[in-house]
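Data block below; observations after.
The values are calculated or read from the model by the stated rules, or taken from the named source; none is laboratory data. The structure displayed is predicted, hence computed values, not measured ones. Virtual Cβ from ideal backbone geometry, glycine too; neighbours counted across all protein chains shown.
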Amino acid sequence: MAKIVVDPLTRIEGHLRIEAQVEGGRIVDAWASGTMWRGIETILKGRDPRDAWTFTSRFCGVCTTVHSIASVRAVENALGIQIPDNARLIRDLIMAFQTIHDHVIHFYHLHGLDWVDIVSALKADPVKTAALASSLSDWPNNNSVGHFKSIQKKLKDFVDGGQLGIFANGYWGHKEYRLPPEANLMATAHYLEALDWQRDIIRAHALLGAKNPHPQTFLVGGMSIPVDPNSQNALNAGSIALLNEVSKKALEFVSKVYIPDLLAVASFYKDWAGYGGFNNFLACGEHADADGKFFFPAGIIKNKDLSKVYPVDQAKIAEYINNSWYSYSDGDAKSRHPWVGETTPNYTGPKPPYEHLDTNKKYSWVKTPRYDDMAMEVGPLARCLVAYASGHKQVKETVDMVLKKLGVGPAALFSTLGRTAARGIETLLVAQKLEGWVGELAANMKKGDYRVANTDKWDPSTWPKEAKGVGFHDAPRGALAHYVVIKDGKIDNYQAVVPTTWNAGPRDPKGQRSPFEQALIGTPVADPMKPIEIQRTIHSFDPCMACAIHIFDVDKKELFKVEVQ
């Protein structure tokens, strides 16, 4: 019996500690601990609700747009504001480019190294690598022996110099790496190409949002970027051409590089369709059309039952803090709906540095969200499952194609491998939709519709004395909700229930585990000193601890010190 501690778990946003109990070579229990405090909700009290999105966008530098959209939607919901169609389309495009960018970077630069042994690529035959790559797709570099030789030389120079640079501190040579050297070299080459490719996506974000990260064109009531085909200082015909160009490049990379690599890697790890699963799933819906119908539908799936999808009722969402370092004014054993939520820090954990957490007491800065008192997984897998169970044609066709190529059934979706595959499936579907959304925006411009904002309720004198709203956004990492309470024109309360809070929360009063902790149970661990298996499952969720928890210390004291060796 051994207790493994991974702190911090790297290649994520923010700081996450995992403690896992291992017996007989498998994880029998696990605890996920966020090690920083989120205090931005407290900062927002008393401020103008029209400014909230600029603060909440700083929850994170990776989820760079998602909190802005959820925030403006929350205020719009509270005030009963309907945005113009152009604003809807511009927001859809910003979110779509964010999703594609986020998922591709996650696969290659965060999660892919759990499956790909970079150092093994040094043993590859570039001729065989080119043959393998070109058999998967006609991506331009795939048939170039010279290209793979140059990548191999770069790696060799890193190793000979004693520095692996961006590839340092990996578990290279671990016996649970299964790809042949040629597949490792191919994936390494695409890792580097993805770094270059992402600049195109950033161009689209900069065009639509004025900058990246943290686009600045969001506005309560719509968007602040003008639409005018006759103006050089607005979205015009040239902008549409650029967006179409970037959309084509995005779809080409996703379909010819990301998806083939995903399927190739997954084929060597089919047993991971049996690890890392969860039972309940929540999707809040995203990319509504002009009639309000979501491209990715909202819904709840319970106990892995794909025969029924339940509607989402935001009133059933609440947060516990019984195992979190906060306090509620009416007692820590009760849950609170976000409209009456509290964010009062109360650290009672061990004094850093410490060997182990006391997991019989509070052990995380992450709260514990529940839906109707049930733990829920959110994210690409939840969206795919809800859409699949709802009979979504494109989702069902793509999911079935992936399952057929891997030679596995639908049950494989409820796993680490399924979660990883769902992210790729979603990326392909969103990339296929891009040109359609650009086309809708162009059609509106052509018919003379230049409206981007509804300012009828911009003046606080038009607002009710009290109002409350919720803004949902199914972000790349999952269902996100911002809740706002407005009194006398100011924010009286603000709470954000974010994807990683759903997935990483500690146990609730009933002892129910959230997805991170539950998904680890039953996972084999070949080498406790190199627990790559823990990384595989946790990375499949793409944690963003910066969204789930934030440091805020007015005295500027050092709260934690983390050393990585």
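A compact table of results
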| item | result |
| --- | --- |
| Of the criteria (1) touching a residue at least 60 places away in the same chain (Cβ under 8 Å); (2) assigned to a loop (DSSP other than H, G, I, E, B), which one residue 303 fails | (1) |
| Single residue of region 266-278 satisfying the filter (in contact (Cβ under 8 Å) with a residue 40 or more places away in the chain and out of contact with any helix residue (DSSP H, G or I) (no Cβ under 7 Å at 6 or more places or on another chain)) that is nearest to residue 422 (Cα to Cα) | 274 |
| Flag for residue 385 being under 23 Å from residue 519 (Cβ atoms) and surrounded by fewer than 17 Cβ atoms within 10 Å (Cβ to Cβ) | no |
| Residue in region 346-353 that is touching a residue at least 12 places away in the same chain (Cβ under 8 Å), in contact with a Leu (Cβ under 6 Å, 6 or more places away or on another chain), over 20 Å from residue 472 (Cα atoms) and not charged (D, E, K, R) present | no |
| Residue ID - farthest from residue 324 (Cα to Cα), chosen from residues in region 367-405 that are in a loop (DSSP other than H, G, I, E, B) and in contact (Cβ under 8 Å) with a residue 60 or more places away in the chain | 392 |
| Sole exception among (1) farther than 30 Å from residue 468 by Cβ; (2) more than 27 Å from the chain's Cα centre (by Cα); (3) not aliphatic (A, V, I, L, M) for residue 80, by number | (1) |
| Output for region 310-323, where each listed residue is over 12 Å from residue 369 (Cα atoms) and of a type in the set (A, V, I, L, M, F, W, C) | 312, 315 |
| Restricting region 16-38 to residues that are touching a residue at least 40 places away in the same chain (Cβ under 8 Å) and of a type in the set (S, T, N, Q), the residue that is surrounded by the most Cβ atoms within 10 Å (Cβ to Cβ) | 33 |
| One residue from 452, 485, 399 being farther than 30 Å from residue 56 by Cβ and not basic (Lys, Arg) | 399 |
| Among (1) in a loop (DSSP other than H, G, I, E, B); (2) of a type in the set (A, V, I, L, M, F, W, C); (3) more than 30 Å from residue 25 (Cα to Cα) - the single one residue 278 does not satisfy | (3) |
| Exclusive hit being more than 24 Å from residue 246 (Cβ to Cβ) and among the acidic types (Asp, Glu), set 466, 435, 440 | 466 |
| Members of region 219-264 found to be buried (at least 21 other Cβ atoms within 10 Å of the Cβ) and assigned to a loop (DSSP other than H, G, I, E, B), listed by number | 220, 221, 225 |
| Every residue from region 165-218 that is touching a helix residue (DSSP H, G or I) at 6+ places or on another chain (Cβ under 6 Å), hydroxyl-bearing (Ser, Thr, Tyr) and either surrounded by fewer than 15 Cβ atoms within 10 Å (Cβ to Cβ) or within 30 Å of residue 533 (Cβ to Cβ) (or both) | 171, 188, 191 |
| Residue that is nearest to residue 369 (Cα to Cα), among those in region 324-334 that are in contact (Cβ under 8 Å) with a residue 60 or more places away in the chain and within 29 Å of the chain's Cα centre (by Cα) | 324 |
| The lone exception for residue 181 - which of (1) within 29 Å of residue 251 (Cβ to Cβ); (2) modelled with pLDDT of 95 or more it fails | (1) |
| Flag if residue 436 is closer than 30 Å to residue 136 by Cβ, more than 19 Å from the chain's Cα centre (by Cα) and at pLDDT below 95 | no |
| Qualifying residue in region 352-365 (condition: in a strand (DSSP E or B) and charged (D, E, K, R)) | no |
| Considering residues of region 473-517 that are of a type in the set (D, E, K, R) and part of a loop (DSSP other than H, G, I, E, B) only, the residue nearest to residue 76 (Cα to Cα) | 488 |
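The rows are residues; the columns are (1) small (Gly, Ala, Ser); (2) farther than 28 Å from residue 496 by Cβ.
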residue: 382; (1), (2): yes, no
residue: 385; (1), (2): no, no
residue: 401; (1), (2): no, yes
residue: 411; (1), (2): yes, yes
residue: 415; (1), (2): yes, yes
residue: 420; (1), (2): no, no
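Residue-by-condition table, conditions (1) under 30 Å from residue 236 (Cβ atoms); (2) modelled with pLDDT under 95; (3) under 23 Å from the mean Cα position of the chain (by Cα):
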{"residue": "167", "(1), (2), (3)": "no, yes, yes"}
{"residue": "176", "(1), (2), (3)": "no, no, no"}
{"residue": "190", "(1), (2), (3)": "no, no, yes"}
{"residue": "193", "(1), (2), (3)": "no, no, yes"}
{"residue": "199", "(1), (2), (3)": "yes, yes, yes"}
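One line per residue, one yes/no per condition, for (1) at pLDDT below 95; (2) buried (at least 20 other Cβ atoms within 10 Å of the Cβ); (3) touching a helix residue (DSSP H, G or I) at 6+ places or on another chain (Cβ under 8 Å):
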residue	(1), (2), (3)
333	yes, no, no
336	no, no, no
358	yes, no, no
381	no, yes, yes
389	no, yes, no
